[in-house]
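The next block holds one structure in the form of structure tokens; read it before the comments.
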Amino acid sequence: MSDSGKKRASSPKIIAIANQKGGVGKTTTAINLGTALAEAGLQCLIIDLDPQGNASTGLGSIFSDRVNTSYDVLTDQVSLADAIVETPVSGLYLVPASVDLSGVDVELVEDRQRARRLRSLLTSDIRDRYDYILIDCPPSLNLLTVNAMVAASGVVVPLQCEFFALEGLSQLISTIRRVQSSLNPTLKIHGIVLTMYDRRNRLSLQVAEDVRENLGSVVYDTVIPRNVRVSEAPSHAIPALLYDPSCAGSQAYRALARELLNRDRATEAA
């Protein structure tokens with residue numbers, strides 16, 4: 001692993017990107033939000049905790065080349081530092097995933113500290129290198145997602161603009177609250193981001209209105225539009241912000257990064 005930059009002046013923001021529903025734009029958000037933060041001059045690390053490894057593939061990590069993965073880290077076979085690799089984006093780094101992650105629940109069943117495993121691995125020398133650490137969670141509320149939430153300071157929830165958008169959200173919020181009460185009292189919902197928004201579709205407009213009415217200011221102002229260029233980018237193994245920097249999706253993720261940074265600055269100033 002190459003040097004990812006000089007030490008940070010403060011601890012990084014660690015954000016779990018989670019939703020137990022699949023196909024809501026979770027991995028796309030992890031990749032492009034991380035890219036937008038790096039584009040803004042920040043040092044960013046993405047930890048891929050999804051056995052599907054889509055974030056890894058979308059950042060140019062070929063499956064056959066993944067020597068050390070997040071599975072190897074969680075099972076104490078390698079250090080986290082040894083699993084970090086470069087990506088096509090300057091300032092953005094990756095801990096790739098492998099399908100072996102699907103067996104972590106069983107392998108760690110006798111470990112009393114299994115829910116705190118990732119948190120313990122994010123040592124000060126790792127934290128000192130990055131401004132943001134984003135954790136891409138699997139589409140389920142399993143041990144991997146709990147590990148991400150225990151390690152994180154906040155959760156970003158991608159929510160698709162569809163009829164069943166709020167279905168399952170209460171279960172996710174309940175999991176976050178359980179983690180808060182027993183494992184990580186500082187955890188909070190950083191924000192909910194509406195994805196796959198189509199302004200021409202009346203349903204998208206209605207869903208967006210309903211979500212904002214029910215959840216209020218926790219919902220980001222930025223919405224991520226349904227955009228073909230964003231959908232095409234993973235097949236080229238690069239983020240949409242590199243594939244088509246000027247497309248509507250790329251612009252939206254830059255706006256989301258600015259909003260996320262502004263929220264963090266406001267919190268720090270309070």
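The values are calculated or read from the model by the stated rules, or taken from the named source; none is laboratory data. None of these values were measured; they are calculated from a predicted model. Note that each Cβ is placed from the backbone with ideal geometry, even for glycine, and that neighbours are counted across all protein chains shown.
Residues that are under 24 Å from Asp128 (Cα atoms) and touching a residue at least 60 places away in the same chain (Cβ under 8 Å) within the range 40-60 comprise Ala40, Leu42, Gln43, Cys44, Leu45, Ile46, Ile47, Asp48, Leu49, Ala55, Leu59, listed in sequence order.
Among the residues of the range 22-44, the ones that are over 23 Å from Gly168 (Cβ atoms), in contact with a helix residue (DSSP H, G or I) (Cβ under 8 Å, 6 or more places away or on another chain), of a type outside the set (S, T, N, Q) and buried (at least 24 other Cβ atoms within 10 Å of the Cβ) come to 3 in all.
Somewhere in the range 206-224, is a residue among the polar types (S, T, N, Q) and modelled with pLDDT of 95 or more?
yes
I need the full set of residues from the range 215-257 which are within 18 Å of the chain's Cα centre (by Cα) and among the aromatic types (Phe, Trp, Tyr), in order please. Correct list: Tyr220, Tyr253. Can you name the residue in the range 133-159 that is of a type in the set (Ser, Thr, Tyr) and surrounded by fewer than 24 Cβ atoms within 10 Å (Cβ to Cβ) and, of all such residues, is farthest from Val109 (Cα to Cα)? Filtering the range 133-159 for residues that are of a type in the set (Ser, Thr, Tyr) and surrounded by fewer than 24 Cβ atoms within 10 Å (Cβ to Cβ), the one farthest from Val109 (Cα to Cα) comes out as Ser153.
Taken together, the residues in the range 227-245 that are touching a His at 6+ places or on another chain (Cβ under 7 Å) and not in a helix (DSSP H, G or I) amount to 0. One residue alone among Pro96, Pro139, Pro88 is in contact (Cβ under 8 Å) with a residue 12 or more places away in the chain and more than 27 Å from Leu42 (Cα to Cα), and that residue is Pro139. Scan the range 183-202 for residues that are outside any loop (DSSP other than H, G, I, E, B) and in contact with a helix residue (DSSP H, G or I) (Cβ under 9 Å, 6 or more places away or on another chain) and the total you get is 10.
Of all residues in the range 227-236, those satisfying the criterion of being crowded, with 19+ Cβ neighbours inside 10 Å and within 14 Å of Asn54 (Cβ to Cβ) are Val230, Ala233, Pro234.
Residues that are under 27 Å from Pro245 (Cβ atoms) and out of contact with any strand residue (DSSP E or B) (no Cβ under 9 Å at 6 or more places or on another chain) within the range 40-56 comprise Ala40, Gly41, Gln52, Gly53, listed in sequence order.
With respect to the conditions (1) under 21 Å from Leu33 (Cβ atoms); (2) buried (at least 17 other Cβ atoms within 10 Å of the Cβ); (3) charged (D, E, K, R), Arg119 lacks only one, and its number is (1). Within the range 57-81, the residues that satisfy the criterion of being out of contact with any helix residue (DSSP H, G or I) (no Cβ under 8 Å at 6 or more places or on another chain) and in a helix (DSSP H, G or I) are Ser64, Asp65.
Among the residues of the range 214-226, are any without any contact (Cβ under 8 Å) to a residue 24 or more places away in the chain, surrounded by 14 or more Cβ atoms within 10 Å (Cβ to Cβ) and either aliphatic (A, V, I, L, M) or outside any helix (DSSP H, G or I) (or both)?
So far as the range 214-226 goes, yes, one or more of its residues are without any contact (Cβ under 8 Å) to a residue 24 or more places away in the chain, surrounded by 14 or more Cβ atoms within 10 Å (Cβ to Cβ) and either aliphatic (A, V, I, L, M) or outside any helix (DSSP H, G or I) (or both).
Checked against (1) part of a helix (DSSP H, G or I); (2) more than 20 Å from Gly34 (Cβ to Cβ); (3) not β-branched (Val, Ile, Thr), Glu259 passes all but condition (2).
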